[in-house]
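Colleague: Just passing along the structure, written as structure tokens.
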Amino acid sequence: MARFRGTDKTEFLDQRQIRGPAFKLLEEAELFCQRHFPLPGKIVSGRMERVDTPLIPPDAMREILVNALIHRDYSIAGGAVSLAIFDNRVEIWSAGTYPAGITPEVLTRDHPSVQRNPIIADVFYRAGLIERWGRGTNRVIEMCRTANVRPPEFQEIGHAAVVTFRVNVAGAVRRAAQVTGQVTGQVTGQVAGQVLRFCQSPRKASEIQKILGLRHRESFQNNYLKPMLEKGWLERTIPDKPRSRMQRYRTTEAGQEAIAPEGEKSF
């Protein structure tokens with residue numbers, strides 16, 4: 001797995017090589033995507049929560065990653081499944097050409113289900129991660145169109161099956177940064193007052209997230225909780241163990257002053 005700077009493989013920004021069970025590889029690939037796919041969004045008037053738009057629909061990305069694992073030609077020595085993220089696209093490579101009877105063109109329309117590795121496919125089927133009807137790529141295309149994302153391209157390059165999502169990763173990073181700035185500004189308004197009043201008694205992070213009506217934990221942590229900790233308005237009850245399961249957050253004296261009537265304008 002790699003995140004490259006620019007549109008070629010000249011320079012790495014991040015790289016990982018992992019060996020392990022198929023489910024572990026899938027989990028690591030999804031985590032890698034979460035780290036490097038920005039979550040562009042926008043602030044909607046009248047709502048405290050921003051509207052987030054994934055770069056690639058998560059279920060579509062998972063489907064392609066699963067297909068790469070179950071259809072890989074494991075007889076190729078040194079073969080692998082590769083995930084490459086560039087500024088302008090995301091590529092998933094799987095060692096081995098498409099199974100007999102399957103071409104890149106046929107994957108965009110109705111086609112039979114051809115399983116190169118039926119035992120591996122059966123494990124993923126029993127886990128509820130794939131169907132057996134050869135509709136995986138069709139579902140991916142449908143999900144992308146619904147999300148207003150360009151459907152992926154299917155190719156055979158050398159002895160590898162390649163799926164490419166043409167998405168503007170670099171542009172999405174810039175937009176996400178702009179929205180983060182907007183959200184941080186929003187935190188210094190009525191949302192901050194709501195949190196600070198709520199945390200006059202120590203609260204778990206999940207409780208704070210819930211009262212704000214936020215769905216995305218990472219977005220809540222980065223754009224709401226951390227800014228208030230940095231401002232000194234909130235503090236951890238167990239400061240030397242920030243990841244403790246018993247961790248709670250409470251309003252500081254500075255936070256109390258911020259929500260005092262005479263301090264309302266300081267937001």
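Colleague: In the range 106-116, which residue that is under 28 Å from the mean Cα position of the chain (by Cα) and more than 11 Å from Asn67 (Cβ to Cβ) is surrounded by the fewest Cβ atoms within 10 Å (Cβ to Cβ)? Working first, answer last.
Modeller: Let us first name the residues in the range 106-116 that are under 28 Å from the mean Cα position of the chain (by Cα), namely 107-109.
Right, trim to more than 11 Å from Asn67 (Cβ to Cβ) and you get 108-109.
Values: Thr108: 15, Arg109: 9.
Here the answer is Arg109.
Colleague: Moving on. Part of a helix (DSSP H, G or I), modelled with pLDDT of 90 or more and under 12 Å from the mean Cα position of the chain (by Cα): does that describe Glu63? Don't jump to the end; show me each part of the working.
Modeller: Numbers: part of a helix (DSSP H, G or I): yes; modelled with pLDDT of 90 or more: yes; under 12 Å from the mean Cα position of the chain (by Cα): no.
In short, no.
Colleague: If a residue has to be at pLDDT 90 or above and within 28 Å of the chain's Cα centre (by Cα) to count, how many in the range 184-206 make the cut?
Modeller: Qualifying residue count for the region: 4.
Colleague: Restricting the range 195-231 to residues that are in a loop (DSSP other than H, G, I, E, B) and without any contact (Cβ under 8 Å) to a residue 60 or more places away in the chain, which is nearest to Pro58 (Cα to Cα)?
Modeller: Lys204
Colleague: Right, something else. Before we move on, is Val123 aliphatic (A, V, I, L, M) and either modelled with pLDDT under 90 or buried (at least 18 other Cβ atoms within 10 Å of the Cβ) (or both)? Lay out the reasoning, then the answer.
Modeller: Details: aliphatic (A, V, I, L, M): yes; either modelled with pLDDT under 90 or buried (at least 18 other Cβ atoms within 10 Å of the Cβ) (or both): no.
No: the conditions fail for Val123.
Colleague: Related question: Across the range 6-16, what is the total count of residues that are part of a loop (DSSP other than H, G, I, E, B) and either surrounded by 14 or more Cβ atoms within 10 Å (Cβ to Cβ) or over 19 Å from the mean Cα position of the chain (by Cα) (or both)?
Modeller: The first filter runs over the range 6-16 and keeps only residues part of a loop (DSSP other than H, G, I, E, B), leaving 6-11, 16.
Those still in the list that are either surrounded by 14 or more Cβ atoms within 10 Å (Cβ to Cβ) or over 19 Å from the mean Cα position of the chain (by Cα) (or both) too: 6-11.
Going through the range 6-16 one residue at a time, the tally reaches 6.
Colleague: Do the conditions hold for Ile102, that is, is it closer than 28 Å to Pro21 by Cα, assigned to a strand (DSSP E or B) and not basic (Lys, Arg)? Write out each step before concluding.
Modeller: On the way: closer than 28 Å to Pro21 by Cα: yes; assigned to a strand (DSSP E or B): no; not basic (Lys, Arg): yes.
Criteria not met by Ile102.
Colleague: Can you pull out every residue in the range 232-249 that is buried (at least 16 other Cβ atoms within 10 Å of the Cβ) and touching a residue at least 40 places away in the same chain (Cβ under 8 Å)?
Modeller: Within the range 232-249, Trp233, Arg248, Tyr249 meet the criteria.
Colleague: Something else: Which of the residues that make up the range 73-96 are buried (at least 19 other Cβ atoms within 10 Å of the Cβ) and not in a strand (DSSP E or B)?
Modeller: Passing the criteria: only Phe86.
The values are calculated or read from the model by the stated rules, or taken from the named source; none is laboratory data. Small disclaimer: the values here were computed from a predicted structure and weren't measured. Here the Cβ is made from the backbone with ideal geometry for all residues, glycine too, and neighbour counts use every protein chain on show.
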